[in-house]
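Below you'll find the structure, written out as structure tokens, and then a few comments.
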Amino acid sequence: MTDFEDQLRRALERKDPSADFAARVMARATEKQPVRWRSWAAVGLAASLFLGAAGMEFEHRQRVQRQGEEARAQLLQAMQITSVKLHKIQKKVRGNL
């Protein structure tokens with residue numbers, strides 16, 4: 001066997017835990033866990049970014065809708081003006097015939 005395999009075998013050998021292992025585990029399990037403010041801060045930051053992006057998207061969609069409505073109104077006005085002018089021209093042409 002190679003030296004590497006021997007080192008690996010020794011590293012993976014079963015070892016008995018120290019005498020105070022159970023006491024250390026129990027003490028650690030009963031300790032109060034510190035408040036993880038960083039994780040809450042990250043959640044708050046992520047929520048703020050999401051709400052900001054959603055608000056910006058909502059505003060963008062409203063602006064696009066307003067622009068579409070304005071364009072529609074302008075088109076209808078242009079069609080009305082064109083209709084009136086064509087009607088006047090039609091009257092003149094029929095009057096001359």
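For the chain, the ratio of Cα radius of gyration to the globular rule of thumb 2.2 N^0.38 Å stands at 3.18. Maximal additional length on extending the SER39-ASP6 stretch stands at 7.6 nm, based on 0.36 nm per residue less the C-alpha distance. Whole-Hz Karplus values for the range 10-20 come out as 5, 5, 9, 5, 5, 10, 6, x, 5, 4, 8 Hz, taken residue by residue from phi with 6.51 cos²θ - 1.76 cosθ + 1.60 and θ = phi - 60°; glycine and proline positions read x. The HN-Hα couplings worked out from phi for the range 72-88 by the Karplus form 6.51 cos²θ - 1.76 cosθ + 1.60 (θ = phi - 60°) are 4, 4, 5, 5, 4, 5, 4, 5, 5, 4, 4, 4, 5, 5, 5, 5, 5 Hz, whole numbers, x standing for Gly and Pro. Each Lys and Arg contributes +1 and each Asp and Glu -1, all at the Cβ; summed about the Cα centre of the chain, the dipole is approximately 1360 debye. Modelled spin labels at ALA22 and LEU51, positioned 7 Å past Cα toward Cβ, are 5.1 nm from each other. Of the residues GLY55, ALA19, THR2, the one whose Cα sits farthest towards the positive end of the charge dipole of the range 1-92 is GLY55 (charges of +1 on Lys and Arg Cβ, -1 on Asp and Glu Cβ, taken about the Cα centre).
Any read-out appearing in this document is the output of simple, stated calculations on the displayed coordinates, not a laboratory observation. Worth saying up front: this structure is predicted, and the values here are computed from it rather than measured. Cβ sites come from the backbone with ideal geometry, for glycine too, and all protein chains shown count toward neighbours.
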